[in-house]
Amino acid sequence: MTQTLQPPPPTAARPRRTAKPAVRDEAPPAGQMELRRFTAPTMSLCLDAVKNELGTNAVILATRNVATRRWLGLLKREHVEITAGQGLRMPRRPQPRPAQATRPRAAAARKPGEALLESTGGAAAAYLGVQKEVGQLRELVGELVDQVQNSRTPHLPDDASPIFRRLLDAGVSQCHASAVIKEAVERRDRADATDRPALDKLVHKALAERLAEAGPSCRRGKGKPTVIALVGPTGVGKTTTVAKLAANLKLKENATVALVTIDTYRIAAIDQLKKYADIIDAPLAVVSEPREVKDAIARVADHDFVIIDTAGRSPRDAVKLAELDEFLTAADPAEVHLVLSANHGAGSLKMALKRFAGLRTDRLCFTKLDEAAELGALVDVAAEANLPLSYVTHGQNVPADIEPACAKRLASLILEAEAETPAAAVA
């Protein structure tokens, strides 16, 4: 006779209680972390229990779903079990992005591996792995850069590579940097083949030799004033340089100086130069036609120097450059200084050099050394122009911030990137 099992008679309904997470401790072996198991109806409750008992730095080692049966095996209930430990310090878990934080997740659909990655320990381990891979990638990129640079300059010895890179970082072109290093290596004695400071000194010397010095302007004699003209693009500081040069010649050289300006395009420039002329007690003539220049210079023929301030010209404006050439032809200056700003890029400097070459320029004057991020382009420009350097300026103070160009000082500025300001080395 078959007996049918009947469920027990219904009883009075009891108040439903929220299941509390169960915690079981496992004694750890010597030298290992403490392991504990947590059981709760849902993943969120189980994770809360882990945080409350072990803190936010707990390491989750395993998660699984556990099924329990009640009422003679007919009713099944699933629980979440987490095995976690403490005692291992790990980095803080990266915060999820808002889009990820708001994405709905179904606890039942997640695999145990996903739950482990989302845990504090799993995310920390992944974070450390990414950091290690990034470090290895950086090392690989650095090696590739060195290989590329060495392949481009196979004639350079290994100990010359660091100073070669310093030249490139300073803005010196690869062509001139290679030539400088090659000259220094050829001059190095065999006894100093491994002497790094000796190589640095030879590189400094070879670099300075590429920056020829014109020296300060000199007097020609009584009745024959030295006529100096400053030309260059707009915005390079010609008017301020004229004032600095005039003040230095008068105050330091005890010379008599007269000023002439053909910059009639900017009233502000005339007013500025007039103030400087009044301060140093120098006559100022304003001319607007080439034929007026000769007369203006003749009226101050008893002075030692006549400095001409010209209007800035765009290197692309061929018409204005032709007008400027007419003024210079009438003035017949003894010195024509091409004024360039050191904080301009190598491309702009070379373009200006090419366009102003037809104006009988015979010297280079670099301004705004204090504003330049790198000075290596001066080497390329000086070499391409094949002109000596006359003066450099490094500030707005008149008459202090101007000096005759010194090749050794400029070479030091190019090589010593740690120098605080160019003015400190030039002064």
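The values are calculated or read from the model by the stated rules, or taken from the named source; none is laboratory data. Bear in mind that the values here come from a model prediction, so they are computed numbers and not experimental data. Note: ideal-geometry Cβ built from the backbone for every residue, glycine included; neighbour counts use all protein chains shown. Heavy atoms of the whole protein, side chains included, go into the accessibility calculation; ligands, DNA and RNA do not. Shrake-Rupley method; radii C 1.70, N 1.55, O 1.52, S 1.80 Å.
Taking the Cα centre of region 217-287 as origin, work out the dipole magnitude from +1 charges on Lys and Arg Cβ and -1 charges on Asp and Glu Cβ, in debye rounded to 20. Before the final figure, lay out each step's value.
Values: 11 positive and 5 negative charges, 59 e Å.
Magnitude of the dipole: close to 280 debye.
Ignoring ligands, DNA and RNA, what percent of the accessible area of region 237-331 is carbon or sulfur (1.4 Å)? Please list the in-between numbers first.
Working: 2270 of 4460 Å².
That share works out to 51 percent.
Given H placed 1.01 Å from N in the peptide plane, which residues other than close sequence neighbours of A62 have an amide H under 5 Å from its amide H?
T83
Which of the lysines could a cross-linker span from K182 if the Cα-Cα distance has to be under 16 Å and same-chain partners fewer than 8 positions apart are dropped?
Within the straight-line limit of under 16 Å, K182 reaches these lysines: K201, K205.
Run the numbers on region 342-412 and let me know its relative contact order in percent, using alpha-carbon pairs under 8 Å that are six or more apart. Could you put the intermediate results ahead of the total?
Numbers: 79 pairs, mean separation 22.5, N = 71.
About 32 percent, as a whole number.
Give the residues of region 362-387 whose amide nitrogen is closer than 15 Å to a point set 7 Å from the Cα of D169 in the direction of its Cβ.
Zone members listed by number: 373-376.
Enumerate the amide H contacts of S341 below 5 Å, restricted to partners 5 or more residues apart or on another chain; note that Pro and chain-start residues carry no placed amide H.
T367
Sorting check: for 293-305, 234-246, which peptide has the highest mean count of neighbouring beta carbons within 10 Å, and how do the rest follow?
Peptide ranking by packing, descending: 234-246, 293-305.
Using Cα-Cα distances under 8 Å and only pairs 6 or more residues apart, what relative contact order does region 310-366 have, in percent? Before the final figure, lay out each step's value.
Working: 42 pairs, mean separation 24.2, N = 57.
Taking the mean separation of contacting Cα pairs over the length of region 310-366, I get 42 percent.
Given a 1.4 Å probe and heavy atoms of the protein chains only, how would you sort E416, E183, largest accessible area at the top?
Final ranking, largest accessible area leading: E416, E183.
Return the lysines within reach of K51: Cα separation strictly under 27 angstrom, same-chain partners fewer than 8 residues apart disregarded; answer none if there are no such residues.
K20, K111
Tabulate in residue order the Karplus-calculated ³J(HN,Hα) for region 215-229, using 6.51 cos²θ - 1.76 cosθ + 1.60 with θ = phi - 60°, rounded to whole Hz; enter x for Gly and Pro.
x, x, 5, 10, 6, 9, x, 4, x, 10, x, 7, 8, 10, 10
Label N52 and E326 with points 7 Å out from Cα along Cα→Cβ: what is the distance between them in nm?
Taking the simple label geometry, N52 and E326 are separated by 9.5 nm.
Considering only Cα-Cα distances, which of the following residue pairs are longer than 32 Å: K274/K408; K222/K320; K222/K350; K275/K320? Could you put the intermediate results ahead of the total?
Working: K274/K408 35 Å; K222/K320 34 Å; K222/K350 38 Å; K275/K320 27 Å.
Cα-Cα > 32 Å for K274/K408; K222/K320; K222/K350; rest within.
Ranked highest first by the average count of other Cβ atoms within 10 Å around their residues, in what order do 56-68, 320-332 fall? It would help to have the intermediate numbers written out before the result.
Working: 56-68: 15.3, 320-332: 16.8.
Highest-to-lowest ranking by the protection proxy: 320-332, 56-68.
What are the principal axis extents of the Cα atoms in region 302-399, in Å, biggest first?
Result for region 302-399: principal-axis Cα extents of 39, 32, 22 Å.
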